[in-house]
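Participant: Here's a structure for you.
The values are calculated or read from the model by the stated rules, or taken from the named source; none is laboratory data. Remember, predicted model here, so these are calculated numbers, not experimental data. Glycine also receives a Cβ, built like all others from the backbone with ideal geometry; neighbour counts cover every protein chain displayed.
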């Protein structure tokens, strides 16, 4: 993402847009790279929380599919208090 931001005209403000998981990725990226400067972000439907209750059918489905996605991970260490 840093390489892409270098391609933009420095005279114009750069905004990052992300929807759903994409917004989590840009938020995480910017929080972990404070030297990267953008004018702002547009976070559409960021997955910053999860319902406390998950019905048994969905829970079973997730448990069944979890081994298939064991190598896929996105660190969700986003401090929601650091986002305005």
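Participant: Does residue 43 meet the test of being in a helix (DSSP H, G or I) and surrounded by 12 or more Cβ atoms within 10 Å (Cβ to Cβ)?
Facilitator: In short, no.
Participant: Taking the stated definitions as given, is residue 4 assigned to a helix (DSSP H, G or I) and exposed (fewer than 12 other Cβ atoms within 10 Å of the Cβ)?
Facilitator: yes
Participant: It is to be established whether one or more residues within segment 11-19 are on the phi > 0 side of the Ramachandran plot, surrounded by 11 or more Cβ atoms within 10 Å (Cβ to Cβ) and at pLDDT 75 or above.
Facilitator: Within segment 11-19 (the criterion being on the phi > 0 side of the Ramachandran plot, surrounded by 11 or more Cβ atoms within 10 Å (Cβ to Cβ) and at pLDDT 75 or above), the answer is no, since none of the residues qualifies.
Participant: Next up: Run residue 32 past the list (1) modelled with pLDDT of 80 or more; (2) surrounded by 12 or more Cβ atoms within 10 Å (Cβ to Cβ) and report the number of the one that doesn't hold.
Facilitator: With respect to (1) modelled with pLDDT of 80 or more; (2) surrounded by 12 or more Cβ atoms within 10 Å (Cβ to Cβ), residue 32 is out only on (2).
Participant: Moving on. Counting only residues that are within 23 Å of the chain's Cα centre (by Cα) and assigned to a loop (DSSP other than H, G, I, E, B), which one in segment 54-73 is modelled with the highest pLDDT?
Facilitator: By that ranking, first place goes to 54.
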